[in-house]
1. Go through segment 118-152 and give me each residue that's assigned to a helix (DSSP H, G or I) and either open to solvent by less than 10 Å² (accessible area, probe 1.4 Å) or touching a Cys at 6+ places or on another chain (Cβ under 6 Å) (or both).
2. Residues that are away from ligand 2 (no atom under 16 Å from the Cβ) and on the phi > 0 side of the Ramachandran plot: does segment 285-308 have at least one?
3. Look at K212 and say whether it is out of contact with any Phe, Trp or Tyr (no Cβ under 7 Å at 6 or more places or on another chain), in a loop (DSSP other than H, G, I, E, B), basic (K, R) and away from ligand 2 (no atom under 16 Å from the Cβ).
4. Does D85 meet the test of being away from ligand 2 (no atom under 16 Å from the Cβ) and in contact with a Leu (Cβ under 6 Å, 6 or more places away or on another chain)?
5. If we scan segment 5-28, do we find a residue that is open to solvent by 10 Å² or more (accessible area, probe 1.4 Å), out of contact with any helix residue (DSSP H, G or I) (no Cβ under 8 Å at 6 or more places or on another chain), hydrophobic (A, V, I, L, M, F, W, C) and farther than 29 Å from E227 by Cα?
6. I'd like the full set of residues that are out of contact with any helix residue (DSSP H, G or I) (no Cβ under 6 Å at 6 or more places or on another chain), open to solvent by 10 Å² or more (accessible area, probe 1.4 Å) and either farther than 15 Å from D209 by Cβ or free of Cβ contacts under 8 Å to residues at least 24 places away in the same chain (or both), limited to segment 85-109.
7. Failed condition for D234, given (1) acidic (D, E); (2) part of a loop (DSSP other than H, G, I, E, B); (3) in contact with a Phe, Trp or Tyr (Cβ under 9 Å, 6 or more places away or on another chain), with all others met?
8. Can you report the number of residues in segment 67-94 which are under 18 Å from A19 (Cβ atoms) and either of a type in the set (A, V, I, L, M, F, W, C) or not assigned by TED's automatic domain parsing to the domain that holds I18 (or both)?
Amino acid sequence: MKMHLVGGFLGSGKTTAIAVACQQLTQQGLKVGVITNDQGQYLVDSEFLSAEGISSAQVAGGCFCCNYDQLDEQIQRMTAGISPDVIFAESVGSCTDLVATVLKPLRKFRQEKMEAVTLSCFVDARMLMMHTNDRRLPFSADTTYIWEKQIEEARLIVVNKIDLISPADLPAFKQALTAKYPGKKFLFQNSLDEGSVRGWLNELEANGDSNKLTPLDIDYAKYGKGEAELAWLDEQITIKTSHGTATKVAIDFIEGLTSSIKRQQLTIGHLKLMITSNGRQRKISFTTVSSPAAETNELRTFFGQSNEVQLTVNARVQTAPEVLRGLLEVELGLLRTVDTIISEENIVFFQPGFPTPTHRILS
Ligand SMILES: Nc1nc2c(ncn2[C@@H]2O[C@H](COP(=O)(O)OP(=O)(O)O)[C@@H](O)[C@H]2O)c(=O)[nH]1
Ligand SMILES: [Mg+2]
């Protein structure tokens, strides 16, 4: 069995690429599974993968490194269940130091069952270009430190969303990357394109093995602070109306929330929603650099009129958790009327706790 560990910041495109890769491997007759990871419990990514017909399990309530035994348990379960040829493990987007805390422990404790363990780091091409152009990223210094450390520890860097970079800027960008990061392998990828994702799979197959990676030299105080500067909010919302307007209310909520985050000048790590209505499901994402309008317009046509919509919300935004919760409450409050019943369940909002890995193998 091969294990592909997929790291990289919130919203960089990990789940999208994994889903496309799984479809391709399945078509080749291989059995694949995905283990998702998050600090929260009700995960849009897990719902998304199930909707795509992909076997998935989750390590929830904390990152792989701090819940290593849960990761190991999920690998065992998956092995006993579907006996996969390949497992993708997607780590939480605010996590780093994966070589010492996940890869090395996997090699040490599960060596006999793994043909290969690989590590890829996904990065949003637009943010990487800002970085190579010496522009500040829209995160605090400590959160930016995590983003930088994720790139530092991997050899294989998937420069994702390359379709969103102007072709005219590409040569200089590639040159700047080679100069800034000697020794790394860069893949320029559009994860919405099957052929492009095939290139990543080929690279994992041929050169992905991670046994030469060295553990990071990392300041945990800075790392912990960077994580704690992000607020996490998860909840499930049900909107019920009687005149077919539930889709409209859901879209008004999403647009209201994104505008309000923008007005407050808060940086989004990743705001993901799974929308379910009329027996159909759709994931919608807003990331650090994204343009929401086009996406919400498309939802109207996709869902049509309906009297009930369910939303799973996973918001990771740079602010205090209470502030994020306050924004959601205000937006939902504005939409409640005698005909529009909005209920909320499984609400959690918090800052990630200080990272305390189960294992940290530095040799
Ligand atoms: N244009 C473009 N969008 C992408 C690409 N990869 C992912 N996305 C979008 O980026 C958003 C975040 O993707 P997701 O896979 O959930 O990110 P994750 O947080 O790293 O798992 C989604 O809206 C995706 O559709 C890409 O290569 N090109
Ligand atoms: Mg994801």
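The values are calculated or read from the model by the stated rules, or taken from the named source; none is laboratory data. Source: prediction; values computed, not measured. Cβ atoms come from the backbone with ideal geometry, glycine included; neighbour counts cover every protein chain shown. With ligands, DNA and RNA removed, areas are computed over all heavy atoms of the protein, side chains included. Shrake-Rupley method; radii C 1.70, N 1.55, O 1.52, S 1.80 Å.
1. The initial filter retains those residues of segment 118-152 that are assigned to a helix (DSSP H, G or I), namely 125-132, 141-152.
Passing the criteria: A125, M127, L128, T143, I146, W147, Q150, I151.
2. Filtering segment 285-308 for residues away from ligand 2 (no atom under 16 Å from the Cβ) gives 289, 291-308.
Narrowing the set further to residues that are on the phi > 0 side of the Ramachandran plot leaves 304.
Among the residues of segment 285-308, at least one is away from ligand 2 (no atom under 16 Å from the Cβ) and on the phi > 0 side of the Ramachandran plot, which makes the answer yes.
3. Details: out of contact with any Phe, Trp or Tyr (no Cβ under 7 Å at 6 or more places or on another chain): yes; in a loop (DSSP other than H, G, I, E, B): yes; basic (K, R): yes; away from ligand 2 (no atom under 16 Å from the Cβ): yes.
When the stated conditions are applied, K212 passes them.
4. On the way: away from ligand 2 (no atom under 16 Å from the Cβ): yes; in contact with a Leu (Cβ under 6 Å, 6 or more places away or on another chain): yes.
Against the criterion (away from ligand 2 (no atom under 16 Å from the Cβ) and in contact with a Leu (Cβ under 6 Å, 6 or more places away or on another chain)), D85 qualifies.
5. No, the conditions are met nowhere in segment 5-28.
6. Those that are out of contact with any helix residue (DSSP H, G or I) (no Cβ under 6 Å at 6 or more places or on another chain), open to solvent by 10 Å² or more (accessible area, probe 1.4 Å) and either farther than 15 Å from D209 by Cβ or free of Cβ contacts under 8 Å to residues at least 24 places away in the same chain (or both): D85, K108, F109.
7. (2)
8. Qualifying residue count, segment 67-94: 7.
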